[in-house]
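Encoded as structure tokens, the structure appears first; notes follow it.
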Amino acid sequence: MSIKSLAGQTIYYGFSNIASKLLNYFLTPLYLELMTQAAYGEMSTVYAYVPFMNIILTYGMETAFFRFAKKENSRSVLSVSTLSLLFTTIGITILLLLLRGPVINSYVGELGGLKGHPGFYTAVVMIMAFDALTAIPFAQLRLENRPVRYAFIRISGILTTIGFNVFFLVLVPKLRAAGWHWLPLVDKDDQVGFIYLSNMLGSAVTLLLFLPQLLRIKWEFDTKLWRQMLNYAVPLIIVGMAGMVNETFDRAWFLPQYLPGNDMEIKKQLIGIYAANYKLAILITMFIQAFKLGAEPFFFKQAEGLNPQKLYARIMKLFVVLLCFMFLFVSLYLNIWKIFLRKPVYYPGMKIVPVLLLANMFLGIYYNLTIWFKLTDRTRTGAIITIITAVMAFLLNWWWIPRMGYFGAALATMVCYFIQMAVCYFLGQKYYPVPYHLPRIITYIITAVLTYYCFDFLNRKLISPDDIYALKPLSLIVATLFFGAYIWFLLKMEKKEFSRLPFIGKFVSRI
């Protein structure tokens with residue numbers, strides 16, 4: 001397998017992932033238009049806890065599936081991993097439903113708007129259950145290189161979610177006003193519940209589409225194999241949980257806990273502003289997720305070949321180049337991207353977007369680096385790395401949020417991801433050395449950051465000092481000049497590398 005093969009897998013799986021994320025992303029302006037800041041903050045708080053539960057529900061079994069699935073035992077691994085997730089998901093779901101009362105009446109339940117709405121909580125629990133049950137079927141499609149079916153199921157679920165969102169939030173109020181009183185009443189207090197319901201229906205459709213695939217599985221359970229997989233996977237729970245402390249705990253706990261004052265409504269509004277602007281970093285996040293979908297099975301297969309480290313180094317360099325491109329593509333044109341925020345009340349939070357973009361760049365590099373402890377079965381070392389950064393996240397958020405508000409949360413996220421990336425790199429070079437092109441990687445990242453902040457300085461001081469996010473022709477022209485100069489710099493530095501790539505190679509070679 002080659003970089004061309006990885007590029008193909010990333011494009012196939014990335015297209016479906018990016019398409020589904022973009023479709024879902026376009027719901028954000030609808031939510032921000034219809035919902036209050038506080039309501040959007042409530043929903044963001046609830047969804048910040050969902051990834052934690054997804055990690056518990058899947059407990060690293062997806063990665064274990066890739067690690068253990070070889071041609072001679074792929075059916076056994078598929079059966080064991082699917083049955084394991086099925087029984088544990090049923091058990092945890094029942095437990096969560098039994099705990100409904102204490103959860104919705106807790107501080108978190110009140111902050112998330114669940115208090116007095118048990119149906120909201122039930123819908124969220126079912127979303128998590130359905131998503132957990134589709135983890136291995138999606139992984140199976142990736143392992144078997146079936147991108148078309150993967151894309152069809154992924155996008156079908158998202159389209160279902162979007163369709164029900166539009167139906168409940170837009171069409172139902174209009175139809176009721178026209179006399180269709182038998183339809184459910186969707187008022188301001190119930191909008192969030194119908195969003196959860198729409199998401200649940202989308203997840204249910206995804207699971208239903210997998211039923212033929214699930215029914216073809218040979219239902220046999222190898223206890224010895226299951227123990228081996230569990231021994232490999234369990235440390236990944238700690239990796240994932242500690243990683244989520246950096247990724248979503250800012251909205252779930254740090255901001256509610258450390259924002260000054262005791263006014264619950266104000267805290268919800270500030271979380272809403274933070275969460276809305278966090279969405280603007282989604283373009284770079286989508287690319288990272290697309291890369292992960294293609295790279296994980298690719299890396300495991302490539303490890304069986306000769307000298308895979310050299311290929312991993314090339315992939316990392318190209319990956320960083322594309323991350324830097326995406327960083328500038330979003331940060332230089334924030335005055336355009338702000339249209340997704342819909343209301344000016346969210347604009348003050350845009351100052352966190354470049355910081356979060358850089359944070360996600362570090363996170364993407366970290367994901368690329370983690371292959372060393374997955375290939376060497378040192379998943380416990382990966383757990384230690386993420387625990388260290390999780391502790392740092394607690395300390396930095398405790399220190400910075402009371403002093404800087406939600407900007408402190410964004411800054412803490414960036415610093416934690418940087419530390420996580422650095423520690424993973426140095427340990428990886430000890431246990432599984434890869435000849436990464438470190439000088440060039442550092443140069444590209446620093447140059448991208450300096451390019452943005454040079455533009456930002458000119459924009460604040462000369463071009464648009466009264467409103468730095470105003471959509472002015474001069475601002476767009478200068479941003480494009482900076483963007484073009486950086487692209488030219490990359491092309492000159494990596495002309496030989498780019499000319500070897502599929503699709504774009506023939507164009508680059510002419511420059």
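The values are calculated or read from the model by the stated rules, or taken from the named source; none is laboratory data. All values derive from a computational prediction rather than experimental measurement. Note: ideal-geometry Cβ built from the backbone for every residue, glycine included; neighbour counts use all protein chains shown. Keep in mind that these areas ignore ligands, DNA and RNA; they rest on the heavy atoms of the full protein, side chains included. Shrake-Rupley method; radii C 1.70, N 1.55, O 1.52, S 1.80 Å.
Laid out as a table, the results:
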| read-out | value |
| --- | --- |
| Members of segment 306-329 that are farther than 16 Å from P433 by Cβ and open to solvent by 40 Å² or more (accessible area, probe 1.4 Å) | L322, F325, F329 |
| Residues (exposed (fewer than 15 other Cβ atoms within 10 Å of the Cβ) and not aliphatic (A, V, I, L, M)) located in segment 473-491 | P473, T480, G484, W488 |
| Of all residues making up segment 145-158, the number that are assigned to a helix (DSSP H, G or I) and open to solvent by 60 Å² or more (accessible area, probe 1.4 Å) | 4 |
| Answer residue from segment 227-266, given it is over 19 Å from the mean Cα position of the chain (by Cα) and among the aliphatic types (A, V, I, L, M) and is most open to solvent (accessible area, probe 1.4 Å) among those | I266 |
| Test: residue in segment 217-226 that is touching a Lys or Arg at 6+ places or on another chain (Cβ under 7 Å), farther than 30 Å from L490 by Cβ, open to solvent by less than 30 Å² (accessible area, probe 1.4 Å) and modelled with pLDDT under 85 | no |
| Flag if E42 is within 19 Å of D250 (Cβ to Cβ), out of contact with any Cys (no Cβ under 9 Å at 6 or more places or on another chain), open to solvent by 20 Å² or more (accessible area, probe 1.4 Å) and not in a loop (DSSP other than H, G, I, E, B) | yes |
| Out of I284, I271, sole residue that is crowded, with 23+ Cβ neighbours inside 10 Å, at pLDDT below 85 and within 30 Å of A479 (Cα to Cα) | I284 |
| Residue identified as part of a helix (DSSP H, G or I), of a type outside the set (S, T, Y), in contact (Cβ under 8 Å) with a residue 60 or more places away in the chain and over 22 Å from R251 (Cα atoms) among F455, F426 | F455 |
| Odd one out for A129 among (1) touching a Leu at 6+ places or on another chain (Cβ under 6 Å); (2) at pLDDT 95 or above; (3) of a type outside the set (V, I, T) | (1) |
| Any pair with Cβ under 8 angstrom, 6 or more apart, that starts in segment 464-480 at a residue that is in contact (Cβ under 8 Å) with a residue 40 or more places away in the chain and ends at one that is of a type in the set (S, T, N, Q) and part of a loop (DSSP other than H, G, I, E, B) | A470/S464; K472/S464; S475/S464 |
| Search result, residues across segment 171-217 that are outside any loop (DSSP other than H, G, I, E, B) and among the basic types (K, R) | K174, R176 |
| Candidate set: segment 487-506, residues that are modelled with pLDDT of 60 or more and among the aromatic types (F, W, Y); chosen: the one nearest to the chain's Cα centre (by Cα) | F498 |
| Near pairs, Cβ below 6 angstrom, 6+ apart or cross-chain, from segment 352-369 (more than 19 Å from W400 (Cβ to Cβ)) to any residue that is of a type in the set (V, I, T) and part of a helix (DSSP H, G or I) | G364/I288 |
| Test: residue in segment 159-170 that is outside any helix (DSSP H, G or I), on the phi < 0 side of the Ramachandran plot and open to solvent by less than 20 Å² (accessible area, probe 1.4 Å) | no |
| Search result, residues across segment 49-79 that are assigned to a loop (DSSP other than H, G, I, E, B), over 16 Å from T379 (Cβ atoms) and either hydroxyl-bearing (S, T, Y) or open to solvent by 20 Å² or more (accessible area, probe 1.4 Å) (or both) | K70, K71, E72, N73 |
| Residue match in segment 400-411 (condition: part of a helix (DSSP H, G or I), at pLDDT 90 or above, aliphatic (A, V, I, L, M) and open to solvent by 10 Å² or more (accessible area, probe 1.4 Å)) | yes |
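One line per residue, one yes/no per condition, for (1) open to solvent by 30 Å² or more (accessible area, probe 1.4 Å); (2) within 15 Å of V320 (Cβ to Cβ); (3) of a type outside the set (S, T, Y):
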site: L438; (1), (2), (3): yes, yes, yes
site: Y444; (1), (2), (3): no, yes, no
site: C454; (1), (2), (3): yes, no, yes
site: N459; (1), (2), (3): no, no, yes
site: S464; (1), (2), (3): no, no, no
site: L471; (1), (2), (3): yes, no, yes
site: M493; (1), (2), (3): yes, yes, yes
site: K496; (1), (2), (3): yes, no, yes
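Yes/no per residue for (1) of a type outside the set (A, V, I, L, M); (2) more than 26 Å from F482 (Cα to Cα):
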| residue | (1), (2) |
| --- | --- |
| L332 | no, no |
| P348 | yes, no |
| V355 | no, no |
| T376 | yes, yes |
| T389 | yes, yes |
| L396 | no, yes |
| A409 | no, yes |
| Y436 | yes, yes |
